[in-house]
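Heads up, the thing below is written out as structure tokens.
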Amino acid sequence: MNLLLRTYSLIFHLPLALFLFAVGSFSYLQNVKNLNIEMLPWTGATLRGWVLTLGLLGLVSIVLAALRKFRVLFALYAVAIFLLSLYAVFASGHRFDGASDFRWALAFVAGAFGAMMGSFVHAAKR
């Protein structure tokens, strides 16, 4: 069960970190100053920096966790993603197009919670 949780955690966060890194990189390369992702607490150039930083931090923490080095960084990253997903769904003011959209957002939050639990197992593994 622990192996399953650890693997799920790494697999959940890898595409997310790649996506964040890609959006942050492209927005820097294109010099986008008005980036807006309404579900996140930042806007403009600040958002661009945070998205790039989260993506890079995610990729580095995933590689280090997979190599069984500095696994606490991955757990901290997973906590940050879970908290951001809670903010996005419940505190951002984002309006969902219907019950189906809201259920998908809740499924993402549940997935982030499971991945966070897996990261704790991964960090505690000796």
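The values are calculated or read from the model by the stated rules, or taken from the named source; none is laboratory data. Keep in mind that what you see is a predicted model, and the values were worked out from it rather than measured. Here the Cβ is made from the backbone with ideal geometry for all residues, glycine too, and neighbour counts use every protein chain on show.
Could you name every one of the helices (runs of 4 or more DSSP H) located completely within region 1-93 that has at least 2 residues being at pLDDT below 90 and closer than 21 Å to residue 108 by Cα?
In region 1-93, the matching helices (runs of 4 or more DSSP H) lie at 2-29.
Taking into account only those residues within region 1-16 that are in contact (Cβ under 8 Å) with a residue 24 or more places away in the chain and under 17 Å from residue 60 (Cβ atoms), which is surrounded by the fewest Cβ atoms within 10 Å (Cβ to Cβ)?
Top of the filtered list is 14.
Taking the stated definitions as given, is residue 44 in contact with a Lys or Arg (Cβ under 7 Å, 6 or more places away or on another chain) and either surrounded by fewer than 15 Cβ atoms within 10 Å (Cβ to Cβ) or closer than 23 Å to residue 123 by Cα (or both)?
For residue 44, the condition - in contact with a Lys or Arg (Cβ under 7 Å, 6 or more places away or on another chain) and either surrounded by fewer than 15 Cβ atoms within 10 Å (Cβ to Cβ) or closer than 23 Å to residue 123 by Cα (or both) - is met.
Being modelled with pLDDT of 90 or more and exposed (fewer than 14 other Cβ atoms within 10 Å of the Cβ) is the filter here, so list the residues in region 107-126 that pass it.
Within region 107-126, 107, 110 meet the criteria.
When the residues of region 25-57 are filtered to those that are in contact (Cβ under 8 Å) with a residue 12 or more places away in the chain and among the β-branched types (Val, Ile, Thr), which remaining residue is nearest to residue 90 (Cα to Cα)?
37
Identify all residues within region 88-126 that are out of contact with any helix residue (DSSP H, G or I) (no Cβ under 8 Å at 6 or more places or on another chain) and among the hydroxyl-bearing types (Ser, Thr, Tyr); write none if there are none.
Listed by number, the residues that qualify are 92, 100.
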